[in-house]
Amino acid sequence: MRGQGSGVSGQKKGCGAERMTRREQWRPVLDVEVKKWSAKSCAEVIAELHNVEAYQVEVDGKEYQVEVQLLENTEKYVHVCVDVDDGSIPASFHPLSESFVREK
(Lines give C-alpha, C1' and ligand atoms only; values in the text may rest on other atoms or scores of the structure.)
Protein backbone atom coordinates (compact mmCIF):
# COMPACT_ATOMS: atom_id res chain seq x y z
CA MET A 1 0.00 0.00 0.00
CA ARG A 2 2.81 2.40 0.85
CA GLY A 3 4.37 1.84 -2.57
CA GLN A 4 1.04 2.43 -4.31
CA GLY A 5 0.46 5.72 -2.49
CA SER A 6 3.72 7.16 -3.80
CA GLY A 7 3.42 5.55 -7.22
CA VAL A 8 3.77 6.93 -10.70
CA SER A 9 1.83 10.15 -10.10
CA GLY A 10 4.09 10.91 -7.12
CA GLN A 11 7.13 10.35 -9.31
CA LYS A 12 5.86 12.70 -11.99
CA LYS A 13 5.06 15.38 -9.47
CA GLY A 14 8.39 14.86 -7.71
CA CYS A 15 10.36 14.99 -10.93
CA GLY A 16 8.91 18.34 -12.01
CA ALA A 17 9.04 19.79 -8.52
CA GLU A 18 12.66 18.74 -8.12
CA ARG A 19 13.65 20.44 -11.36
CA MET A 20 11.85 23.63 -10.34
CA THR A 21 13.36 23.56 -6.87
CA ARG A 22 16.85 23.10 -8.30
CA ARG A 23 16.49 26.09 -10.62
CA GLU A 24 15.03 28.14 -7.78
CA GLN A 25 18.12 27.26 -5.72
CA TRP A 26 20.34 28.53 -8.53
CA ARG A 27 18.58 31.94 -8.70
CA PRO A 28 20.23 33.58 -5.63
CA VAL A 29 23.65 32.40 -6.82
CA LEU A 30 23.00 33.85 -10.27
CA ASP A 31 21.78 37.12 -8.78
CA VAL A 32 24.98 37.51 -6.72
CA GLU A 33 27.22 36.72 -9.69
CA VAL A 34 25.37 39.11 -12.02
CA LYS A 35 25.60 41.84 -9.39
CA LYS A 36 29.34 41.18 -8.96
CA TRP A 37 30.11 41.27 -12.69
CA SER A 38 27.81 44.17 -13.54
CA ALA A 39 29.53 46.29 -10.86
CA LYS A 40 32.83 46.06 -12.75
CA SER A 41 33.92 48.71 -15.20
CA CYS A 42 33.89 47.93 -18.91
CA ALA A 43 37.68 47.86 -18.89
CA GLU A 44 37.70 45.28 -16.07
CA VAL A 45 35.11 43.11 -17.82
CA ILE A 46 37.04 43.18 -21.10
CA ALA A 47 40.34 42.43 -19.35
CA GLU A 48 38.91 39.50 -17.37
CA LEU A 49 36.81 37.92 -20.13
CA HIS A 50 39.23 37.24 -22.98
CA ASN A 51 37.97 33.66 -22.71
CA VAL A 52 34.97 32.16 -20.97
CA GLU A 53 35.53 32.46 -17.23
CA ALA A 54 34.43 29.25 -15.48
CA TYR A 55 34.67 28.70 -11.75
CA GLN A 56 32.88 27.19 -8.76
CA VAL A 57 31.30 28.93 -5.81
CA GLU A 58 30.02 27.41 -2.59
CA VAL A 59 26.78 28.61 -1.03
CA ASP A 60 25.24 26.98 2.04
CA GLY A 61 27.52 23.96 1.66
CA LYS A 62 26.57 23.35 -2.00
CA GLU A 63 28.83 23.88 -4.98
CA TYR A 64 27.64 25.71 -8.07
CA GLN A 65 29.24 26.10 -11.49
CA VAL A 66 29.47 29.64 -12.87
CA GLU A 67 30.37 30.58 -16.43
CA VAL A 68 30.76 34.17 -17.53
CA GLN A 69 31.39 35.24 -21.10
CA LEU A 70 31.67 38.41 -23.08
CA LEU A 71 29.02 38.19 -25.80
CA GLU A 72 29.63 41.57 -27.43
CA ASN A 73 32.26 44.27 -27.18
CA THR A 74 31.15 47.21 -29.31
CA GLU A 75 32.23 50.84 -29.38
CA LYS A 76 29.26 51.74 -27.16
CA TYR A 77 28.79 48.80 -24.79
CA VAL A 78 29.75 45.33 -23.58
CA HIS A 79 27.20 42.53 -23.36
CA VAL A 80 27.93 39.83 -20.76
CA CYS A 81 26.24 36.48 -20.06
CA VAL A 82 26.35 34.73 -16.66
CA ASP A 83 25.29 31.06 -16.34
CA VAL A 84 24.81 29.09 -13.11
CA ASP A 85 24.07 25.42 -12.47
CA ASP A 86 24.94 22.80 -9.87
CA GLY A 87 26.86 20.46 -12.17
CA SER A 88 24.19 17.77 -12.05
CA ILE A 89 23.27 15.93 -15.21
CA PRO A 90 20.99 16.46 -17.08
CA ALA A 91 19.83 19.66 -15.31
CA SER A 92 23.12 21.46 -15.92
CA PHE A 93 22.73 21.05 -19.69
CA HIS A 94 20.34 24.01 -19.40
CA PRO A 95 21.87 26.41 -16.85
CA LEU A 96 20.05 29.38 -15.43
CA SER A 97 21.28 32.40 -17.40
CA GLU A 98 21.10 36.15 -17.35
CA SER A 99 22.84 38.77 -19.44
CA PHE A 100 23.46 42.46 -18.96
CA VAL A 101 24.69 45.37 -21.03
CA ARG A 102 27.20 47.85 -19.64
CA GLU A 103 27.61 51.09 -21.56
CA LYS A 104 31.11 52.42 -22.14
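The values are calculated or read from the model by the stated rules, or taken from the named source; none is laboratory data. Since this is a predicted model, take the numbers as computed values, not measurements. With ideal geometry, Cβ positions are generated from the backbone for all residues, glycine too; neighbour counts draw on all protein chains shown.
Can you pull out the residues in the stretch 19-53 that are hydroxyl-bearing (Ser, Thr, Tyr), over 24 Å from SER88 (Cα atoms) and surrounded by fewer than 12 Cβ atoms within 10 Å (Cβ to Cβ)?
SER41, the sole residue that qualifies.
Need pairs with beta-carbon distance below 6 Å; first residue more than 13 Å from LEU70 (Cβ to Cβ) and within the stretch 38-58, second aliphatic (A, V, I, L, M) and assigned to a strand (DSSP E or B); sequence gap 6+ or separate chains.
Partner pairs satisfying both residue conditions: TYR55/VAL66; VAL57/VAL66.
Might you let me know whether the stretch 64-77 holds any residue that is more than 19 Å from ARG23 (Cβ to Cβ), without any contact (Cβ under 8 Å) to a residue 24 or more places away in the chain and surrounded by 15 or more Cβ atoms within 10 Å (Cβ to Cβ)?
There is at least one residue in the stretch 64-77 that is more than 19 Å from ARG23 (Cβ to Cβ), without any contact (Cβ under 8 Å) to a residue 24 or more places away in the chain and surrounded by 15 or more Cβ atoms within 10 Å (Cβ to Cβ).
Residues that are modelled with pLDDT of 95 or more and over 18 Å from VAL101 (Cβ atoms), at least 3 per element: which strands (runs of 3 or more DSSP E) completely within the stretch 15-86 meet that?
Correct list: 53-59, 62-73.
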